[in-house]
Amino acid sequence: MDEWIQKERQVDQLVQQNKIETATQRLFELIVYYAKKKEFPKAESLREKLIQVDDMALTEIIKSDEIIEAEKNSTLNQDRVKLWTLLFNDMSMQERNALYFNMQEMIVDSGETVLKQSDMNSRLFFVQQGQLNASYTIQGKEIFIKSFEAGSIFGEDSFFEISVSTYCVTALSKCVLTFIEREILDKWNNEFPALEAKLFTYCQKQEKISDIVTHKKMERRVYKRLKVKGNLSFQLLNFTGNPTGKILRGSLLDISIAGISFSIKSARKDQVKLLLGRSILIQFNLPKGDSDYTIERNGIIIGVSSQLYNDYYINVKFDKLLTEKIILAAHTFLQ
């Protein structure tokens, strides 16, 4: 029989014999042993047993807790911790360990939806690796809100407020996420009463989805759009800003100094949805009397809406505004 299993059994015998002090010392030895083996659930269950056996053995109870927390702290993935330096630095070692060891990991593939708009959400997500897009759908049009990368947190609005998610989050690449469940907050309220407040405060300092949505609604009204016709070509940019893949074609719909809309045809709705939030290099012509302006711009796809017959409308926000002169010349010619 394993030596340490035998020692654990001896604890029950010692308690039955009313040898409480010896049982306490034996439990403390077991806690240290399992903590150093990084078997934390076992060490913690033995610490609970220690409290039950002798709740006045304060030296052993306090010291065993310190040993468990120190051993936990030594196992933290430092690369992961660095992503949340400001968050973890504001916590005690016990609070840091409580958050870290209650994180569950999930891996999602490109195109997979993590959060659905109007669905209940009970998770707070931490992005460890990869890129995801947040968007919302209104009147059949999917609008890009922002991207999440390593070090981002999302889901906080519905996590803390117990409400449906007001936006959708979709993986743009293979992603590694960790998350905590809302039910852990009840446990923390007893054991770490300041932890939820610290986590909430940190999330509040991040750029709020609701503020971005409000800004985007205003932004769409700032610049007058001009209906245009013609062809357009575009190419996706990779995460380093370089063109990737083949050149794609579309038909112009309208333009402003801040962006452009065009249509494309595709039988692959799942692939078109992945365009949302992607950076593109776009090229098109605008009329100028007997000649044309050839315009090339980088931009980001902020809206995708499905139409009939495999048509999709694409909205692009330019990285750099066009000049009023270009739009005015095109407007004069098209009138």
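The values are calculated or read from the model by the stated rules, or taken from the named source; none is laboratory data. Keep in mind it's a predicted model, so treat the numbers as computed, not measured. Positions of Cβ are generated from backbone atoms using ideal geometry, with glycine treated the same way; all protein chains shown enter the neighbour counts. Only protein heavy atoms, including side chains, enter the accessible area calculation; ligands, DNA and RNA are left aside. Shrake-Rupley method; radii C 1.70, N 1.55, O 1.52, S 1.80 Å.
Does LEU87 satisfy being assigned to a helix (DSSP H, G or I) and under 23 Å from GLN129 (Cβ atoms)?
Yes: the conditions hold for LEU87.
Cβ-Cβ distances below 6 Å connect the following pairs, each with a first residue in the stretch 58-69 that is acidic (Asp, Glu), a second residue that is open to solvent by less than 100 Å² (accessible area, probe 1.4 Å), and a separation of six or more residues or different chains: GLU60/THR24; GLU60/PHE28; GLU69/MET93; GLU69/GLN94; GLU69/ASN97.
Within the stretch 38-56, which residues are outside any helix (DSSP H, G or I) and in contact with an Asp or Glu (Cβ under 9 Å, 6 or more places away or on another chain)? Can you show your working first?
Residues of the stretch 38-56 that are outside any helix (DSSP H, G or I), as a first pass: 38-39, 54-56.
Listed by number, the residues that qualify are LYS38, ASP54.
Among the numbered conditions (1) at pLDDT 90 or above; (2) open to solvent by 70 Å² or more (accessible area, probe 1.4 Å); (3) farther than 23 Å from THR113 by Cβ, the only one that MET218 does not meet is (1). Is it the case that the stretch 84-107 has a residue that's farther than 23 Å from ALA150 by Cα and β-branched (Val, Ile, Thr)? No, the stretch 84-107 contains no residue that is farther than 23 Å from ALA150 by Cα and β-branched (Val, Ile, Thr). Kindly indicate whether any position in the stretch 170-180 is of a type in the set (Gly, Ala, Ser), surrounded by fewer than 17 Cβ atoms within 10 Å (Cβ to Cβ) and in a helix (DSSP H, G or I). For the stretch 170-180, residues of a type in the set (Gly, Ala, Ser), surrounded by fewer than 17 Cβ atoms within 10 Å (Cβ to Cβ) and in a helix (DSSP H, G or I): absent. Among the residues of this structure, GLU105 counts as one that is part of a strand (DSSP E or B) and exposed (fewer than 15 other Cβ atoms within 10 Å of the Cβ). When restricted to residues that are surrounded by fewer than 17 Cβ atoms within 10 Å (Cβ to Cβ) and over 30 Å from GLN128 (Cα atoms), the stretch 55-78 contains 6.
Any idea which residue in the stretch 152-169 is farthest from SER210 (Cα to Cα), counting only those that are surrounded by 16 or more Cβ atoms within 10 Å (Cβ to Cβ) and hydroxyl-bearing (Ser, Thr, Tyr)?
So the residue we want is SER152.
The condition of being open to solvent by less than 80 Å² (accessible area, probe 1.4 Å) and either free of Cβ contacts under 8 Å to residues at least 40 places away in the same chain or among the aliphatic types (A, V, I, L, M) (or both) holds for only one of LEU86, LEU46, that being LEU46. Within the stretch 108-134, the residues that satisfy the criterion of being closer than 20 Å to SER279 by Cα and buried (at least 21 other Cβ atoms within 10 Å of the Cβ) are LEU132, ASN133, ALA134.
Among the listed residues SER251, SER256, SER233, which satisfies the condition of being on the phi < 0 side of the Ramachandran plot and buried (at least 18 other Cβ atoms within 10 Å of the Cβ)?
Result: SER256 is the single residue among SER251, SER256, SER233 that is on the phi < 0 side of the Ramachandran plot and buried (at least 18 other Cβ atoms within 10 Å of the Cβ).
Sort out which residues of the stretch 187-201 are open to solvent by 50 Å² or more (accessible area, probe 1.4 Å) and of a type in the set (Phe, Trp, Tyr), and write them in order of number. Passing the criteria: only PHE200. Pick from the stretch 267-284 the residues that are open to solvent by 30 Å² or more (accessible area, probe 1.4 Å) and among the small types (Gly, Ala, Ser): which of them is modelled with the highest pLDDT? Across the stretch 267-284, the extreme among qualifying residues is SER279. When the test is whether a residue is open to solvent by less than 40 Å² (accessible area, probe 1.4 Å) and of a type in the set (D, E, K, R), GLU149 does not pass it. Give the residue that is farthest from SER74 (Cα to Cα), with candidates limited to residues of the stretch 3-43 that are under 46 Å from the mean Cα position of the chain (by Cα), surrounded by fewer than 21 Cβ atoms within 10 Å (Cβ to Cβ) and among the aliphatic types (A, V, I, L, M). Among them, the one singled out is ILE5. Selection of the stretch 266-302 for residues being over 19 Å from GLN235 (Cβ atoms) and either part of a strand (DSSP E or B) or touching a Lys or Arg at 6+ places or on another chain (Cβ under 8 Å) (or both) yields LEU286, PRO287, LYS288, SER291, ASP292, TYR293.
Does the stretch 235-248 contain any residue that is in a strand (DSSP E or B) and either modelled with pLDDT under 85 or more than 25 Å from SER173 (Cβ to Cβ) (or both)? Looking through the stretch 235-248, none of the residues is in a strand (DSSP E or B) and either modelled with pLDDT under 85 or more than 25 Å from SER173 (Cβ to Cβ) (or both). In the stretch 310-324, the residue that is farthest from TYR223 (Cα to Cα) out of those that are in a loop (DSSP other than H, G, I, E, B) and not aliphatic (A, V, I, L, M) is ASN310.
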